[in-house]
1. So, in the stretch 1-31, of the ones that are under 25 Å from the mean Cα position of the chain (by Cα) and of a type in the set (S, T, Y), which residue ends up surrounded by the most Cβ atoms within 10 Å (Cβ to Cβ)?
2. Do we have Y16 as in the same structural domain as R169 (by TED's automatic domain parsing), touching a Gly at 6+ places or on another chain (Cβ under 6 Å) and closer than 23 Å to A134 by Cα here?
3. For the stretch 228-254, which residues satisfy the criterion of being at pLDDT below 80 and outside any loop (DSSP other than H, G, I, E, B)?
4. Just wondering, is there one or more residues in the stretch 32-47 that are of a type outside the set (K, R), touching a strand residue (DSSP E or B) at 6+ places or on another chain (Cβ under 6 Å) and either under 19 Å from R295 (Cα atoms) or exposed (fewer than 12 other Cβ atoms within 10 Å of the Cβ) (or both)?
5. Within the stretch 303-311, identify whether any single residue is over 28 Å from L436 (Cβ atoms), surrounded by fewer than 19 Cβ atoms within 10 Å (Cβ to Cβ) and in the same structural domain as K15 (by TED's automatic domain parsing), and answer yes or no.
6. Return a yes/no flag: does the stretch 60-67 have any residue that is buried (at least 19 other Cβ atoms within 10 Å of the Cβ), over 19 Å from I275 (Cβ atoms) and either among the basic types (K, R) or under 26 Å from the mean Cα position of the chain (by Cα) (or both).
7. Does E327 satisfy the condition of being among the acidic types (D, E) and over 30 Å from D271 (Cβ atoms)?
8. Out of P422, P352, P413, P340, which single residue is touching a residue at least 40 places away in the same chain (Cβ under 8 Å) and surrounded by fewer than 16 Cβ atoms within 10 Å (Cβ to Cβ)?
Amino acid sequence: MKRTLTILKHYLQTKYFRQFNSREQLLTWQNQQVQKFFNKVLPKSPFYQQYYQGLEISDWQNFPMIDKAKMMENFDQLNTVGISASEAFEIALKAEQTRDFNSNLYGYTVGLSTGTSGNRGLFLVSSQEQWIWAGTILAKLLPNFILYPEKIAFFLRANSRLYETVKSRHLQFQFFDLLDPITNHIQRLNHYQPTLLVAPASLLRLLAESQAQGCLKISPKKIVSVAEVLDPLDADYMSGVFNQMIHQVYQCTEGFLGYTCDYGTLHLNEDIVAIQKDYLDDNQSRFMPIITDFRRKTQPIIRYKLNDILVERKTPCQCGSILMAIERIEGRQDDIFYLPHQSTNEWVRIFPDFIRRTIIMVSADIEDYQVMQLSFNRIEVALKVRNREKDVIQEEVKKSLKSLFERLHCEMPEIVFLDEFPAIPIGQKRRRVWQLQKPGF
């Protein structure tokens with residue numbers, strides 16, 4: 001009963017009652033929530049107690065930051081329930097190996113992040129936090145009221161008791177393991193007939209191709225892309241096949257950070273997470289988010305800098321929400337290309353979206369692509385092309401990339417095209433633009 005009431009309470013609060021008339025009202029309320037949260041949580045976390053010693057809570061927006069490396073380095077002292085990283089890793093890795101995700105540690109759910117930022121992270125949540133999360137995400141994602149029957153199909157590398165929390169008498173939930181063959185997924189989906197389909201963009205693309213071929217025959221009311229950057233190339237294709245908008249959820253180990261509204265705009269969840277910006281460009285459009293989750297007490301996430309690159313929307317969204325609107329999630333800081341400047345000793349930063357748009361604007365016949373910077377003078381490109389001759393499109397892509405590099409005054413790297421398109425290992429996230437070499441700043 002407590003579980004049901006908590007989920008319903010936070011569903012109703014999020015969907016109907018917690019409304020803000022202005023940014024000022026939101027930020028004032030947010031500041032109050034963060035300070036209340038600090039007063040309760042800081043005394044219970046030995047790490048934060050020492051890290052913020054002597055600082056005034058009212059100045060929390062200027063507190064020292066942490067990142068994934070610092071969080072994992074201090075995990076034992078950071079969490080408020082005395083769980084060690086070694087025992088948490090042990091149970092999480094066992095769940096990954098056995099594919100049995102029902103176990104917990106002293107009543108707390110433990111999970112692993114996928115580690116695309118270079119190192120794996122742990123998340124730790126209590127039952128109460130799971131129920132709050134479930135009520136919130138259902139309020140943001142369900143196409144209808146919570147008591148309306150829905151069938152949710154959820155694809156991820158690993159299941160979790162956290163995700164299973166959304167199950168109820170009215171909401172069916174089935175987990176689809178990304179490690180299973182696509183043929184198994186198609187068979188199960190055809191039988192299950194989900195009304196809400198949630199999966200990484202790369203898997204949704206495969207399902208869309210199967211739907212177009214007539215192998216998959218489903219009609220979900222809503223489709224949500226998670227866990228990977230949703231490329232416009234995929235979004236357009238999937239939208240055409242399923243005849244609907246493809247929504248996005250911005251969710252990571254550190255929290256439920258954003259979702260798309262009915263107009264397709266990604267809004268950050270500032271009603272549950274405080275988000276500050278570390279700008280990356282002079283125009284103050286691209287930034288890395290610094291998050292403070294003022295509801296997560298077991299593993300407090302405070303002034304935590306993510307490695308993601310977000311592009312801020314400059315015009316208001318038609319939906320009228322005062323929550324921060326995002327033009328797109330561009331990728332990770334790790335995905336930025338660096339090339340030497342033609343005439344100075346400086347490095348030129350090339351954001352992933354510049355590369356992405358340069359490729360997809362060449363031809364509508366490009367079905368898929370990968371661009372990899374292997375060194376400061378070598379870039380490899382892989383293309384999947386339909387209809388036209390591949391050699392012709394490759395030359396056009398090379399010409400467009402060279403034009404981009406010339407515009408940015410870069411020394412021209414060698415651009416090499418691969419004969420075969422690299423396969424994505426099962427369970428691994430797709431990265432279309434990525435680099436392996438960074439300058440030593």
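The values are calculated or read from the model by the stated rules, or taken from the named source; none is laboratory data. Every value quoted in this text rests on a predicted model; they were computed, and no experiment measured them. All Cβ positions, even for glycine, are placed from backbone atoms using ideal geometry, and neighbour counts span all protein chains on display.
1. If we take residues in the stretch 1-31 being under 25 Å from the mean Cα position of the chain (by Cα) and of a type in the set (S, T, Y), then Y11 is surrounded by the most Cβ atoms within 10 Å (Cβ to Cβ).
2. No: the conditions fail for Y16.
3. C252
4. Yes.
5. The answer is no, given that none of the residues of the stretch 303-311 is over 28 Å from L436 (Cβ atoms), surrounded by fewer than 19 Cβ atoms within 10 Å (Cβ to Cβ) and in the same structural domain as K15 (by TED's automatic domain parsing).
6. Scanning the stretch 60-67, I find no residue that is buried (at least 19 other Cβ atoms within 10 Å of the Cβ), over 19 Å from I275 (Cβ atoms) and either among the basic types (K, R) or under 26 Å from the mean Cα position of the chain (by Cα) (or both), so the answer is no.
7. In short, no.
8. Answer to the selection: P422.
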